[in-house]
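The values are calculated or read from the model by the stated rules, or taken from the named source; none is laboratory data. Computed from a predicted structure; not experimentally measured. Here Cβ is always computed from backbone atoms with ideal geometry, including for glycine, and neighbour counts include all displayed protein chains.
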Amino acid sequence: MPTLEGNQLECVRGDRRLFRDVNFSLEAGGLMQVQGPNGSGKTSLLRMLCGLAAPAHGEIRWNGTEIRTLGSDYYGAMSYLGHLGGVKDDLTAIENLRISSALGGVEIDERKAHDALQHMGLGGRELLPAKVLSQGQRRRVTLARLLVCGTVLWILDEPLTALDTTAVKLMQGLMEQHLEHGGMIVMTTHQEIEIAALTTQRLQLA
Amino acid sequence: MFLWIIQRDLLLAMRRRSDVLTTLFFFVIVVSLFPLGVGPEMAMLRIMAPGVVWVAALLASMLSLGRMFASDHLDGTLEQMLLSPQSLPLLVLGKALAHWLVTGVPLVLMAPVLGIQYDLPGDALLVLTASLLLGTPVLSLIGAIGAALTLGLRGGGVLVSLLVLPLYIPVLIFGAGAVEASTAGLGAGAHMSLLGAFLLASLVLAPWTAALSLRISME
């Protein structure tokens, strides 16, 4: 059973302390929503959880082992979608998806990438360069990665920005399905969204 | 994965040809302007040629260093690379190699043509091309460290030259020296061996150092 734990996490930016003593424990099927006003350190916390930044104090454990020592074993079990989608303007939607999933450790063929994009409602636009796609459509290209990656833990930073109501519903279904199959999600969002999960916890940052 | 990253960077370069051509044009223009400025004195041009071609290649390669990681940094692809289960040094090696294929190889191919302007004899042209072939990958590999360290900094362009130039100087000295030695009849073997040694050392050390620098810059 995979678990993600944070013990007494502290984040310092410059000479400002954003948060301290953040504790949580997340198990299979669990959803954690990180909440707080702008600038309260939600993105910083998420970047810590995926290993991009080191906490000023405290530790993050995946299955009981500190994530920094796990390295690529942890990266292979986790998908992080940040504010920046990692979508290249000059590449088509299909190329973007295939390259980003290859980076995530899963190489997919054209057919599978096509299906994933179709599922995300981008049917017929797979071969357009990403620069002509709208903000919401680019977001869908980014999110399509979740369909093919096969990772246990999803760390999503504002995954619903720029999405229309249909896409939000689609994402909601996708996340519920992931949780049902024993996945875990850590996410931030400013939108009201109800996601059915085995356990739901809210982490409030001041 | 290594091949994926090279393929991707080449594809991006193909879609954005102007970036590639800027480097090549810079090289061609700098090298071609010297004979016009200095005058048509054959003996002098022949002596100057290796130095001028090498300095121009070095500056041209540095011109495009900023772009090596910057666009990936801006659109978030770099975060994905850092969080990839694939080995980061290998990804960096792939990116440096792609940078060389896009900026270095055209310079190497262009050099013999430009060498003719300087009335270099055939075997000197050969040595010049060979020394560039060994030396330009070193420029891309060392440049990757500088580019990674200055990622996202304001005025990174100036800083990258300050960081990288001292490390480029040995390559410049032995690269240009190889051609001079061969025209002087001493044989270019020793210089070429040293350039080869630089290449091997940077192949091993640079990707690893650049990967560490990227992790620091992204924190």
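Things worth noting here:
- Failed item in (1) touching a helix residue (DSSP H, G or I) at 6+ places or on another chain (Cβ under 6 Å); (2) more than 21 Å from B:GLY76 (Cα to Cα); (3) of a type in the set (Ser, Thr, Tyr), with A:THR165 passing the rest: (1)
- Selection status of B:LEU36, away from chain A (no Cβ under 14 Å) and either in contact (Cβ under 8 Å) with a residue 60 or more places away in the chain or not in a helix (DSSP H, G or I) (or both): no
- The set of residues in the range A:144-190 being part of a strand (DSSP E or B) and among the charged types (D, E, K, R) consists of A:ASP157 alone.
- For the range A:104-138, a tally of residues being small (Gly, Ala, Ser), assigned to a loop (DSSP other than H, G, I, E, B) and within 20 Å of the chain's Cα centre (by Cα) returns 3.
- Selection within the range B:16-33: residues that are within 14 Å of chain A (Cβ to nearest Cβ) and exposed (fewer than 13 other Cβ atoms within 10 Å of the Cβ). The member of this set that is nearest to B:LEU88 (Cα to Cα) is B:ARG17.
- Considering the conditions (1) within 12 Å of another protein chain (Cβ to nearest Cβ); (2) within 20 Å of the chain's Cα centre (by Cα), B:PRO50 is excluded by exactly one of them, (1).
- Residue pairs meeting the criteria (Cβ under 6 Å; at least 6 apart or on separate chains; first of a type in the set (Asp, Glu), in the range A:144-160; second assigned to a helix (DSSP H, G or I) and surrounded by fewer than 20 Cβ atoms within 10 Å (Cβ to Cβ)): A:ASP157/A:THR43
- Which listed residue, of B:LEU90, B:LEU83, B:LEU78, B:LEU126, is within 14 Å of chain A (Cβ to nearest Cβ) and surrounded by fewer than 18 Cβ atoms within 10 Å (Cβ to Cβ): B:LEU90
- The listed residues are A:ARG125, A:ARG68, A:ARG111, and the only one of them that is basic (Lys, Arg), more than 25 Å from A:THR161 (Cα to Cα) and not assigned by TED's automatic domain parsing to the domain that holds A:ALA162 turns out to be A:ARG111.
- Tally of residues being of a type in the set (S, T, N, Q) and either touching a residue at least 24 places away in the same chain (Cβ under 8 Å) or within 11 Å of chain B (Cβ to nearest Cβ) (or both) across the range A:51-76: 2
- Scan of the range B:14-43 for residues that are in contact with a helix residue (DSSP H, G or I) (Cβ under 7 Å, 6 or more places away or on another chain) and among the acidic types (Asp, Glu), ordered by number: B:ASP19
- Residues in the range B:39-92 that are acidic (Asp, Glu) and part of a helix (DSSP H, G or I): B:ASP72, B:ASP75, B:GLU79.
- Given (1) of a type outside the set (Lys, Arg); (2) surrounded by 14 or more Cβ atoms within 10 Å (Cβ to Cβ); (3) away from every other protein chain (no Cβ under 14 Å), number of the condition B:MET42 does not satisfy: (2)
- The set of residues in the range A:189-206 that are without any contact (Cβ under 8 Å) to a residue 40 or more places away in the chain and of a type in the set (D, E, K, R) comprises A:GLU192, A:GLU194.
- Exactly one residue out of B:SER71, B:SER64 is within 14 Å of chain A (Cβ to nearest Cβ), closer than 19 Å to B:THR150 by Cα and among the small types (Gly, Ala, Ser), and it is B:SER71.
- Residue check, B:SER217 surrounded by 17 or more Cβ atoms within 10 Å (Cβ to Cβ), within 14 Å of another protein chain (Cβ to nearest Cβ) and over 17 Å from B:SER61 (Cβ atoms): yes
- Scan of the range A:2-58 for residues that are within 22 Å of A:GLY182 (Cα to Cα) and of a type in the set (Asp, Glu), ordered by number: A:GLU5, A:GLU27
- A Cβ distance below 9 Å, combined with a sequence gap of six or more or placement on separate chains, defines the contacts here; from the range A:84-107, residues that are at the interface with chain B (Cβ under 7 Å from one of its Cβ atoms) and crowded, with 21+ Cβ neighbours inside 10 Å reach residues that are of a type in the set (Phe, Trp, Tyr) and part of a helix (DSSP H, G or I) in the pairs A:ILE99/B:TRP4; A:LEU103/B:TRP4; A:GLY104/A:TYR75.
- B:VAL55 meets the conditions (1) surrounded by fewer than 24 Cβ atoms within 10 Å (Cβ to Cβ); (2) over 30 Å from B:SER182 (Cβ atoms); (3) of a type in the set (Val, Ile, Thr) in every case but one. The failed one is (2).
- The condition of being surrounded by fewer than 18 Cβ atoms within 10 Å (Cβ to Cβ), within 14 Å of chain B (Cβ to nearest Cβ), in contact with a helix residue (DSSP H, G or I) (Cβ under 7 Å, 6 or more places away or on another chain) and not charged (D, E, K, R) holds for A:LEU128.
- In the range A:5-25 there is no residue matching the filter, namely being closer than 24 Å to A:THR199 by Cβ and under 15 Å from the mean Cα position of the chain (by Cα).
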